[in-house]
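Participant: Got a structure here, written out as structure tokens. Questions coming.
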Amino acid sequence: MSEIEATGDLLLFAGQCDEVASAAPLTDISPEASLVESVRGGDRDAFGKLYHLYSPMVHGILLARVPRSEVDDLVQDIFLVALKRLHTLRDTNAFGGWLAMIARNRAMDFYRQARETEELPEDIAGRSFLDAEAREVLAVIRQLPEAYRETLVMRLVEGMTGPEIAERTGLKAESVRVNLHRGMKILRERLGVTETL
């Protein structure tokens with residue numbers, strides 16, 4: 001085959017590729033968005049995978065806002081709401097941000113519907129999930145601005161990395177980094193912890 005024939009074949013192939021590309025536009029769909037589409041198609045296992053990926057984020061958002069004793073039940077409620085409303089999600093790539101919004105709204109609803117409760121005495125209640133020091137730190141974190149609260153709880157309590165927080169919440173990685181840095185600085189100041197080099 002001569003060089004001219006090979007060039008002609010390449011141009012013909014490129015033209016065919018252009019036709020295919022124009023007929024079926026390329027979409028940049030994330031693996032999570034593929035899972036969302038599978039759930040919409042009735043795949044319950046795909047929903048389980050979404051739960052596994054996003055439950056630490058939802059747990060962190062709630063832990064930054066509501067009493068620890070209520071968090072686990074609210075996580076379940078939020079995922080049930082998400083499953084029922086999944087058909088309303090326009091951009092499947094925005095699932096994380098959409099789910100975070102549901103979690104924040106549910107936390108606000110929790111306080112609107114707050115019912116009067118009475119704490120059990122310490123000797124009856126037994127050992128709490130969180131020891132006194134952890135409760136103190138969590139109380140301080142809950143007093144921080146919202147952006148710092150959420151990212152700090154997701155990082156310190158849920159063990160998520162900065163990139164995982166960004167990916168799940170839809171925030172930019174730079175924003176997460178800044179929020180974690182500033183939040184840790186304020187947290188240290190409020191706890192009276194000095195940084196050592």
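Participant: Label points 7 Å out from Cα along the Cβ direction at LEU80 and ASP28: separation in nm?
Facilitator: About 3.8 nm, to one decimal.
Participant: Please arrange THR92, THR161, THR194, THR169 by counting, for each residue, the other beta carbons lying within 10 Å of its beta carbon, fewest first.
Facilitator: Listing THR92, THR161, THR194, THR169 from fewest to most nearby Cβ atoms yields THR194, THR161, THR92, THR169.
Participant: How long is the gain from ALA94 to ARG112 if the chain were fully straight, where each residue apart is worth 0.36 nm and the alpha carbon distance is subtracted?
Facilitator: 3.7 nm
Participant: Turning to a different aspect of this structure: For a test of the definition: using alpha carbon positions, the gyration tensor, and the 1.5 limit on a/c, classify the stretch 28-191 as rounded, prolate or oblate.
Facilitator: It comes out oblate by the Cα gyration axes.
Participant: Separate question: So for GLU150, GLU174, fewest C-beta neighbours within 10 Å to most, what's the order? Kindly include the intermediate steps, with their values, before the conclusion.
Facilitator: Values: GLU150 28, GLU174 10.
Ordered by Cβ neighbours within 10 Å, fewest first: GLU174, GLU150.
Participant: Could you list MET57, MET101, MET154 in order of exposure, starting from the residue whose Cβ has the fewest other Cβ atoms within 10 Å? Spell out each step's value before the answer.
Facilitator: On the way: MET57 23, MET101 14, MET154 28.
The order, fewest Cβ neighbours first, is MET101, MET57, MET154.
Just so you know, all these numbers are worked out from the coordinates, no wet-lab data involved. Remember, predicted model here, so these are calculated numbers, not experimental data. We place every Cβ from the backbone using ideal geometry, glycine too, and count neighbours over all the protein chains shown.
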